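The values are calculated or read from the model by the stated rules, or taken from the named source; none is laboratory data. Small disclaimer: the values here were computed from a predicted structure and weren't measured. Here the Cβ positions follow ideal geometry from the backbone for every residue, glycine too, while neighbour counts run over all protein chains shown.
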Amino acid sequence: MTAPTPMLLLRASEVTGRPVVTLSGELVAEIKDVVFERSGGRIAGFTLRNPGLFSRSRKDSLPWVGVHGIGRDAVMVADETVLIAANELASRKQSRDADVLQDRVLTDNGRDLGRVVDVVLHSGTSLDVVGYEVEASEALGTAGRHVFIPLPDTVAVSGENLIVPAAATEFVSEDLAGFGAAVGAFRARLREGAS
Amino acid sequence: MNADFTAAEVTPQQASRSRSRYCARRLAPKPGTAWRWVGMDWWGWVILALVIIAVLVVLAVVVQRRRRRGGVIGLSEPRRGDSR
């Protein structure tokens, strides 16, 4: 058995607010929302806002294909031509209604695990959603504390509740450092179960 | 009605004084009502205005921060940004 590959994990809230900078050094915008595909967990792109406290949302957005790189302090793009109209990535209605923050996480056997306070992303060749940070409910035995719940490779979610396999409760992690291993072990367990 | 009291006997000054007294009675604060604040010194008004401005600024900042807080949007169907 091989050791699981270490994962570079970050919270979605760490990405929001990061400046979007072109390779020529021009500040274009700031990241407003992270947009991901619910069926596969892959990041589709980012909605944008202008820099500054009283700035408004922008009418364009940054698709994942236009991202040159995500660094600790900025999201790099080749130039402004990579931006697309905001409604091509996510419509205004989706931006308003499809936010998963504060949604309830339920297991497929109907246990309420808590409310989503953040989303955990795995940064590699692509950026994927690998877990939720939730404010735990009584069901997890750590009510009120923030814990990390791993997600399977394919996140099949629709509606207002986020459904995870019941086995996810065995791989709940209390810190982000150990969460990468928990995601790997959880997904390995699901693959074993499926084969 | 007093028959001796005719319009001809009331001088314009008397009529004006009478009207003034009538108005003063109507406008005078009734006992127990909270009219005393009207007599606030000028600096009281300045402090009140500053407090109102401060509250409005704090409200604006709170609303704006909430509006600017990023979200995580889960798309139900693939869209253009997913072509990588």
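What number of residues within the range A:104-120 are farther than 21 Å from A:E174 by Cβ and either out of contact with any helix residue (DSSP H, G or I) (no Cβ under 6 Å at 6 or more places or on another chain) or at the interface with another protein chain (Cβ under 10 Å from one of its Cβ atoms) (or both)?
1
Restricting to the range B:54-69, name every residue that is touching a Leu at 6+ places or on another chain (Cβ under 9 Å) and either facing another protein chain (nearest Cβ under 7 Å) or modelled with pLDDT of 80 or more (or both).
Passing the criteria: B:V61, B:Q64, B:R68.
Return the residues of the range A:28-47 that are of a type outside the set (V, I, T), assigned to a strand (DSSP E or B) and either at pLDDT below 85 or farther than 13 Å from B:I73 by Cα (or both); say none if nothing qualifies.
Scanning the range A:28-47 gives A:A29, A:E30.
Got at least one residue in the range A:32-39 being small (G, A, S), within 11 Å of another protein chain (Cβ to nearest Cβ) and farther than 22 Å from A:G124 by Cβ?
No, every residue in the range A:32-39 fails to be small (G, A, S), within 11 Å of another protein chain (Cβ to nearest Cβ) and farther than 22 Å from A:G124 by Cβ.
Residue under question is A:G159, and the condition is that it be at pLDDT below 85 and surrounded by fewer than 19 Cβ atoms within 10 Å (Cβ to Cβ); does it hold?
yes
Give the range A:45-64 a look and list any residue that's hydrophobic (A, V, I, L, M, F, W, C) and in contact with a Gly (Cβ under 7 Å, 6 or more places away or on another chain), or say none.
A:L62, A:W64
Kindly list, by first and then second residue, each pair from a residue in the range B:61-72 that is closer than 13 Å to A:T16 by Cβ to a residue that is modelled with pLDDT of 80 or more and of a type in the set (K, R), limited to pairs with Cβ atoms under 6 Å and residues at least 6 apart or on different chains.
B:G70/A:K32
Quick one: which of A:T169, A:T142, A:T125 is among the polar types (S, T, N, Q), part of a loop (DSSP other than H, G, I, E, B) and over 24 Å from A:K32 (Cα atoms)?
Within the list A:T169, A:T142, A:T125, the selection yields A:T142.
For A:T81, state whether it is more than 11 Å from chain B (Cβ to nearest Cβ) and out of contact with any Ser or Thr (no Cβ under 8 Å at 6 or more places or on another chain).
Here the answer is yes, as A:T81 does meet what is asked.
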